[in-house]
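The values are calculated or read from the model by the stated rules, or taken from the named source; none is laboratory data. All figures in this text were calculated on a predicted structure; none of them were measured in a lab. FYI the Cβ positions are ideal-geometry reconstructions off the backbone, even for glycines, and counts take in every protein chain you see.
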Amino acid sequence: MSEMIEVARSSVQTWECDQMGHMNVQFYVEKAGSGLAALALALGLGPRNARNEGARLQVSDHHVRFLREQRPGAPFFLRAGVLEVRDFGLRVYEEMVNTVSGEPAATFIAEVQWVDDESRELKPLPAKAKAAAKALIVALPAHGAPRGLEIYEPRPAPKLKEADAMGMVRTWQGEVDAARCDTQGFLSVRHFMGIVSDGIPNLLAQTSGSDRSKTPTIGGAALEYRFVYRRYPRVGDLLTLRSGLKQVGPKTYTWCHWLFDLESGQSVATAEAVAIALDLTTRKSIPIPDEMRANLEALVIEGLGV
């Protein structure tokens, strides 16, 4: 086994933080994307090579764990390695580490594929990249393994009409603008997560009547996410998000989010997330209040998943 290599280094900016006072989930994913680009360079698939090949590494499945919240000003770096080498891509591991404490703040397991820049069809991973990747094989650390989520084969792609028939809640809807897209005009990975994050206040408003702008002492935090990216939308596409509750535990609850192309009704991504209630004064999780639990249990929808 090899040692992980450093792939990114930065700090948490105030504008990357949300109502909870910590870095928003979408920016963790953005940092992991920068790390993946540097890892690609180490594999001989840097930006110039990728442009010449007309291809890129694209994430098809993400598992993310948030281990420690990161506040404005926190310095961090990312390190990465390869878990598995395949004919058309790789299974990659990254972790975000606090520069001062040396403690991991978040972990990422990504299924990545070598795809054509324009069509996004699979292409065989170049032989030189496969050889380089084998030299970067690392073991998955215990803190990077799934904990609250079961990793299973994704369900058949749902349709929008199916989500509505199941009673999932409309939590976000809008146009894919250029600011959310990569240089080829496809929605960036960060903004899949950003759309879900932007939809959470609407989800809470419609399921519990809560308004996060008026609850300054109690909030929430995601502990773990899984995203299955089924298709990358393009600039100008109209998207709509449906959300529903999968299960409720002693301290945690699991939401599912299905993102659709509004014009075709086809799904572009499915996700699930384990969340907690968070005391914003002590910065610690709190048990789900009885009234909240009763409300949540009534919202559970059978058959949800990624």
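Does Arg120 fit the bill of being exposed (fewer than 15 other Cβ atoms within 10 Å of the Cβ), in the same structural domain as Val25 (by TED's automatic domain parsing) and within 23 Å of the chain's Cα centre (by Cα)?
In short, no.
Under 24 Å from Gln247 (Cβ atoms), among the small types (Gly, Ala, Ser), in the same structural domain as Ile276 (by TED's automatic domain parsing) and out of contact with any Lys or Arg (no Cβ under 7 Å at 6 or more places or on another chain), is that true of Ala222? Spell out the reasoning first.
On the way: under 24 Å from Gln247 (Cβ atoms): yes; among the small types (Gly, Ala, Ser): yes; in the same structural domain as Ile276 (by TED's automatic domain parsing): yes; out of contact with any Lys or Arg (no Cβ under 7 Å at 6 or more places or on another chain): yes.
When the stated conditions are applied, Ala222 passes them.
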Residues within region 274-306 that are at pLDDT below 80, in contact with a strand residue (DSSP E or B) (Cβ under 7 Å, 6 or more places away or on another chain), under 14 Å from Thr207 (Cβ atoms) and not hydrophobic (A, V, I, L, M, F, W, C), tallied | 1
Find all pairs meeting these conditions: Cβ atoms under 6 angstrom apart; at least six residues apart or on different chains; first residue within region 170-184 and in contact (Cβ under 8 Å) with a residue 24 or more places away in the chain; second residue surrounded by fewer than 19 Cβ atoms within 10 Å (Cβ to Cβ) and outside any loop (DSSP other than H, G, I, E, B).
-> Thr171/Asn202; Trp172/Asp198; Glu175/Leu238
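On the basis of being at pLDDT 95 or above, closer than 25 Å to Val306 by Cα, outside the structural domain of Arg190 (by TED's automatic domain parsing) and in a strand (DSSP E or B), does Ala80 make the cut?
no
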Take the residues of region 188-200 that are free of Cβ contacts under 8 Å to residues at least 60 places away in the same chain and in contact with a helix residue (DSSP H, G or I) (Cβ under 9 Å, 6 or more places away or on another chain): which is farthest from Asp116 (Cα to Cα)?
-> Ile200
If we keep just the residues of region 122-132 that are of a type in the set (A, V, I, L, M) and touching an Asp or Glu at 6+ places or on another chain (Cβ under 9 Å), which is nearest to Thr254 (Cα to Cα)?
-> Leu122
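Restricting attention to region 272-306, and to residues there that are among the acidic types (Asp, Glu) and either without any contact (Cβ under 8 Å) to a residue 60 or more places away in the chain or surrounded by 15 or more Cβ atoms within 10 Å (Cβ to Cβ) (or both), which single residue is nearest to Phe227 (Cα to Cα)? Write out each step before concluding.
Filtering region 272-306 down to residues among the acidic types (Asp, Glu) leaves 272, 279, 290-291, 297, 302.
If we keep only those that are either without any contact (Cβ under 8 Å) to a residue 60 or more places away in the chain or surrounded by 15 or more Cβ atoms within 10 Å (Cβ to Cβ) (or both) too, we end up with 272, 290-291, 297, 302.
Working: Glu272: 7, Asp290: 30, Glu291: 30, Glu297: 24, Glu302: 19 Å.
Step by step, filter region 272-306, then rank; the result is Glu272.
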May I ask you to list the residues in region 224-273 that are assigned to a strand (DSSP E or B), modelled with pLDDT of 95 or more and more than 17 Å from Thr171 (Cβ to Cβ)?
-> Glu224, Arg226, Val228, Tyr229, Arg234, Gln266
Screening Val59, Val29 for residues that are outside any helix (DSSP H, G or I), among the β-branched types (Val, Ile, Thr), touching a helix residue (DSSP H, G or I) at 6+ places or on another chain (Cβ under 6 Å) and crowded, with 17+ Cβ neighbours inside 10 Å leaves only Val59
Can you name the residue in region 181-210 that is over 20 Å from Gln266 (Cα atoms) and either touching a Leu at 6+ places or on another chain (Cβ under 8 Å) or polar (S, T, N, Q) (or both) and, of all such residues, is modelled with the highest pLDDT?
-> Ser197
